[in-house]
Amino acid sequence: MPVEGSSKRKILLRVAKFASSQHWYKGNFHRPQVQVLVRVNGREAASTTVASKGATAVWNEEFHFTINQEDQVVLQVYDRSDKQRHHVGLIGEADVDQSFMQTPPADSKYLILDVKKDNKSHGSVHIYISTVKDDEQESANEKVDGKVDTMKEAVQRAQAKIGKLAESPSYDSFKEALTGLDIVIKIMEPLSEFPVPGLKTAYQLLSNAYGIFNAQKERDENVENLAVDMAQLWTILSEIQSFEMIKSMKEVFDAVAEVTEECAEFLDKYAENTFTQRLVKGYFVLDGKISSFRDSFNNLKERLVRGTSVQTWVTVEREFRNVNAKLDLQTLVEANAASFDETRTCLPDTREGDLERILHWVDNKSAYGVYWLTGVAGCGKSTISHTLAKRLDDSHRLGASFFFSRTRDLDDPQLFCTTIAHQLTRYSPALRQAILDSITKDPGIAKKPFASQMGPLISEAILKARLSLPPVIVIDSLDESGSPEIRGRLLTMLRLELPKLAAHAKIFITSRDEPDIRGALPALATRQPHRADVKDETRADVRRFIQSQLSEVVLRFPYLQDWPSTEDVNQLAHYADGLFVWASVACDFILNGPDQDPVAQLETIVSADPAERAKAESSLDALYLAILRRRPIDRDAFRYIIGSIIILGEPLSPRDLDKLLGLSNVTTHLTLVDGTKLHLTSCQGLVASLASILRSDGPDRPTRIVHASVFDFFHISSYLIAA
């Protein structure tokens, strides 16, 4: 690294993303493909890849430079979508402040730079910038970061799997049976001494069985504790920043990495075993491994905590209470992919009326703290939620978000409270400390049923923090929050906590209008809910969405220069009946249908039998039926494959589905339990032909339903019987 006062400085510049302004994006009739060029003193020094089309382009690409004090660094943003026409459009440019380039802070700094052309702002480019450490330190830190990241993924994956063991219905039944067996043994113990034939033998058999089952219960608890030991050790290690510290602890660091990798693999395999398999293997194989791993972690943890280097690190770089705080926060497990997704936001200039109304509620201090957005399936509630969360996050008002989903393995509220609480710790230092105080008061709160967590971790913590600007919590698709029994427990919790929380936070909730949800939400929120399915307000936006999606047709099918016609778009918008999911599925079918013929595939949708369309429970049912009948298949074979996909609790890849159903690439002859005879090959062809309603990114990737309304179609509609 250059000495202080040197005219040169090594800089790492990471280009994160470009967000176009609404007026610039609206003025373009195509979806831009954006690239950022970095120029130093007018000469091109680096460039990003060309981002995929959209109003927001994301890269996170890094570049290294040596900058002189007098150098000028400029970022130029280009639209490359017209490159094939020998035209490249400059969107605008942004200067990187020279003084900051010369004296950046020790850590990376996040900057948002205004991109201008002709003195008009066309968007903003987001960058991270920092000094570059010397080569030896940089190389060592890269290796350490790689190892720490690998350990983090392994630890979180293993924790999630082990956490599900104690939550499973079979495990609850096992614990109830064990309690009952304990009672029976206590009753039989004094009776076993009576001279009744077989009574003493029965008592001994039951006692032995109890001992075996109780040992398995203790073994599962030991495995849960092992996962905690592993996570705590990783947390301590991940805090190490000093290069000298890394060098002095290389032996311990390598040992931790090796043991963590082995333990995470062991926990993965352990969690995949059924209760019976764990019971059989446990006594002979697992107890020794569990004990060995725990001893190793305790030994390594002691070496870390007691070592001279760590004492120096704790004194110089991190106060010990911050380490403890990290360990406490580690217990708040976040559900994977539960927060908002900025790639699923509204098309520019759509749903603006809805968003303006919601944002007015956010800013209105006198408005009641719970807001309910409701409407039928597919009317765009979730897209509004993602857009709202994104805008709130940009303005630092988003406290937390949780998006329930039956199609993305997010229909279990077990991690709802810990996910919300963990996100809230990033909202403000005061709220973070309040949540940490709740954990200190009850160290085991993260393992309690979710119904016991919301009060201490969320409601009471927000009240204690006394925030001047209340956080906004977004809860989307509450109607997809699990089975009726589980959802009932969640709604009972919300019924108790929302009135208390509403005085100190803003809670935005979306769901279908279902009786149990309406009954659980506060009356002030349900009296006049915001409906997202008012057709007079959504039709124009749906038409704009269809026109935008089908503008890609000419790029993939150059011979369709003037297609679709205005009449075609109007007809699709009419059939969509105000439902965005109808428009999305229909456009996807037109663009990606099995025949690769957009004209024919549009005709399939609009030429459905009017009488049959009139009988459909919704326009979505009629659309799904038209797509299914485009590629006829034997009814029994269809129900065998698609029925299996629908009822599976966990989505399987096409390859795994073949194994489950006994299929292969050659014709397989099957006889079902009811005597039905089938002649089938792999399910992969059928899955691919239904790409508009099924999503699979390859033969080894999970096959998922695109929208909850598809579940409803197959579960409720009579069309499956007639398919």
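The values are calculated or read from the model by the stated rules, or taken from the named source; none is laboratory data. All figures in this text were calculated on a predicted structure; none of them were measured in a lab. Cβ coordinates were reconstructed from backbone atoms using ideal geometry, including for glycine residues, and neighbour counts include every protein chain displayed. Surface areas here come from the heavy atoms of the whole protein model, side chains and all, with no ligands, DNA or RNA. Shrake-Rupley method; radii C 1.70, N 1.55, O 1.52, S 1.80 Å.
Just checking, does the range 669-676 include any residue being open to solvent by 70 Å² or more (accessible area, probe 1.4 Å), over 34 Å from the mean Cα position of the chain (by Cα) and among the charged types (D, E, K, R)? Write out each step before concluding.
Here is the first cut: in the range 669-676, the residues open to solvent by 70 Å² or more (accessible area, probe 1.4 Å) are 669, 671, 673-674.
Still in the list and also over 34 Å from the mean Cα position of the chain (by Cα): 669, 671, 673-674.
Filter once more, so that each one left must be among the charged types (D, E, K, R): 674.
Within the range 669-676 (the criterion being open to solvent by 70 Å² or more (accessible area, probe 1.4 Å), over 34 Å from the mean Cα position of the chain (by Cα) and among the charged types (D, E, K, R)), the answer is yes, since at least one residue qualifies.
Kindly list the number of the only condition in (1) of a type outside the set (Gly, Ala, Ser); (2) closer than 28 Å to Asp363 by Cβ; (3) open to solvent by 40 Å² or more (accessible area, probe 1.4 Å) that fails for Ile486.
If we test Ile486 against (1) of a type outside the set (Gly, Ala, Ser); (2) closer than 28 Å to Asp363 by Cβ; (3) open to solvent by 40 Å² or more (accessible area, probe 1.4 Å), just (2) comes out false.
Among what's in the range 454-482 and is assigned to a loop (DSSP other than H, G, I, E, B) and over 20 Å from the mean Cα position of the chain (by Cα), pick the residue that is modelled with the highest pLDDT. Can you show your working first?
Residues of the range 454-482 that are assigned to a loop (DSSP other than H, G, I, E, B), as a first pass: 466-471, 477, 481-482.
Checking which are over 20 Å from the mean Cα position of the chain (by Cα) leaves us with 466-471.
Numbers: Arg466: 87, Leu467: 86, Ser468: 80, Leu469: 85, Pro470: 91, Pro471: 94.
Residue satisfying both the conditions and the ranking: Pro471.
Quick test of your reading of the structure: Tyr371 fulfils all but one of (1) modelled with pLDDT of 85 or more; (2) touching a Cys at 6+ places or on another chain (Cβ under 9 Å). Name the failing condition by number.
Here Tyr371 meets the rest and fails (2).
I need the full set of residues from the range 323-361 which are part of a helix (DSSP H, G or I), in contact (Cβ under 8 Å) with a residue 12 or more places away in the chain and within 24 Å of Leu521 (Cβ to Cβ), in order please.
Within the range 323-361, Gly353, Asp354, Leu355, Arg357, Ile358, Leu359, Trp361 qualify.
Among the candidates Leu524, Leu555, which residue alone is open to solvent by 70 Å² or more (accessible area, probe 1.4 Å), modelled with pLDDT of 75 or more, over 30 Å from Thr681 (Cα atoms) and touching a strand residue (DSSP E or B) at 6+ places or on another chain (Cβ under 9 Å)? Steps first, please.
On the way: Leu555 fails: touching a strand residue (DSSP E or B) at 6+ places or on another chain (Cβ under 9 Å).
Only one candidate passes the filter, namely Leu524.
With respect to Arg539, is the statement that it is open to solvent by 80 Å² or more (accessible area, probe 1.4 Å), under 25 Å from Thr383 (Cβ atoms) and more than 23 Å from the chain's Cα centre (by Cα) true?
On the way: open to solvent by 80 Å² or more (accessible area, probe 1.4 Å): yes; under 25 Å from Thr383 (Cβ atoms): yes; more than 23 Å from the chain's Cα centre (by Cα): yes.
When the stated conditions are applied, Arg539 passes them.
I'm trying to understand the selection: among the residues of the range 499-521, which are open to solvent by less than 20 Å² (accessible area, probe 1.4 Å), assigned to a helix (DSSP H, G or I) and among the basic types (Lys, Arg)?
If we filter the range 499-521 for residues that are open to solvent by less than 20 Å² (accessible area, probe 1.4 Å), which is where we start, we get 501-502, 505-511, 517, 520-521.
Still in the running and assigned to a helix (DSSP H, G or I): 501, 517, 520.
Selection gives nothing.
Please return the ranges of helices (runs of 4 or more DSSP H) entirely within the range 362-441 where 3 or more residues are open to solvent by 30 Å² or more (accessible area, probe 1.4 Å) and more than 20 Å from Leu469 (Cα to Cα). Full working, then the answer.
Values: elements: 381-394, 416-424, 429-441.
Answer list for the range 362-441: 429-441.
So, in the range 635-656, of the ones that are farther than 17 Å from Phe711 by Cβ and touching a helix residue (DSSP H, G or I) at 6+ places or on another chain (Cβ under 9 Å), which residue ends up surrounded by the most Cβ atoms within 10 Å (Cβ to Cβ)?
Filtering the range 635-656 for residues farther than 17 Å from Phe711 by Cβ gives 635-637, 640, 653-656.
Those left that are additionally touching a helix residue (DSSP H, G or I) at 6+ places or on another chain (Cβ under 9 Å): 635, 637, 640, 654-655.
Details: Arg635: 13, Ala637: 16, Tyr640: 18, Pro654: 24, Arg655: 15.
This residue is Pro654.
Is at least one residue of the range 9-30 over 17 Å from His126 (Cβ atoms), open to solvent by less than 60 Å² (accessible area, probe 1.4 Å) and at pLDDT 75 or above?
no
Looking at this structure, is Ala446 buried (at least 22 other Cβ atoms within 10 Å of the Cβ) and farther than 24 Å from Asp412 by Cα? Before the answer, list the steps.
Details: buried (at least 22 other Cβ atoms within 10 Å of the Cβ): yes; farther than 24 Å from Asp412 by Cα: no.
No, not satisfied.
Determine, yes or no, whether Ser481 is open to solvent by 50 Å² or more (accessible area, probe 1.4 Å) and among the hydroxyl-bearing types (Ser, Thr, Tyr). Full working, then the answer.
Working: open to solvent by 50 Å² or more (accessible area, probe 1.4 Å): no; among the hydroxyl-bearing types (Ser, Thr, Tyr): yes.
Criteria not met by Ser481.
Filter the range 40-75 for residues that are without any contact (Cβ under 8 Å) to a residue 60 or more places away in the chain and among the hydroxyl-bearing types (Ser, Thr, Tyr); which is least open to solvent (accessible area, probe 1.4 Å)?
Thr48
Polar (S, T, N, Q), free of Cβ contacts under 8 Å to residues at least 12 places away in the same chain and open to solvent by 20 Å² or more (accessible area, probe 1.4 Å): which single residue out of Gln561, Gln549 fits that description?
Working: Gln549 fails: free of Cβ contacts under 8 Å to residues at least 12 places away in the same chain.
Checking each option against the conditions leaves just Gln561.
Is there a residue in the range 76-94 that is open to solvent by less than 30 Å² (accessible area, probe 1.4 Å), within 33 Å of the chain's Cα centre (by Cα), modelled with pLDDT of 60 or more and closer than 16 Å to Ile11 by Cα?
No; the residues of the range 76-94 include none that is open to solvent by less than 30 Å² (accessible area, probe 1.4 Å), within 33 Å of the chain's Cα centre (by Cα), modelled with pLDDT of 60 or more and closer than 16 Å to Ile11 by Cα.
With (1) at pLDDT below 65; (2) within 16 Å of Ile127 (Cα to Cα) as the list, and Ala46 as the residue in question, which single condition is left unmet?
(1)
Would the range 423-431 turn up any residue that is under 24 Å from Ala461 (Cα atoms) and within 17 Å of the chain's Cα centre (by Cα)? Even if it seems obvious, please write down each step before you answer.
Applying the first criterion (under 24 Å from Ala461 (Cα atoms)) to the range 423-431 yields 423-431.
Next cut, within 17 Å of the chain's Cα centre (by Cα) only: 423-424.
Yes, the range 423-431 contains a residue that is under 24 Å from Ala461 (Cα atoms) and within 17 Å of the chain's Cα centre (by Cα).
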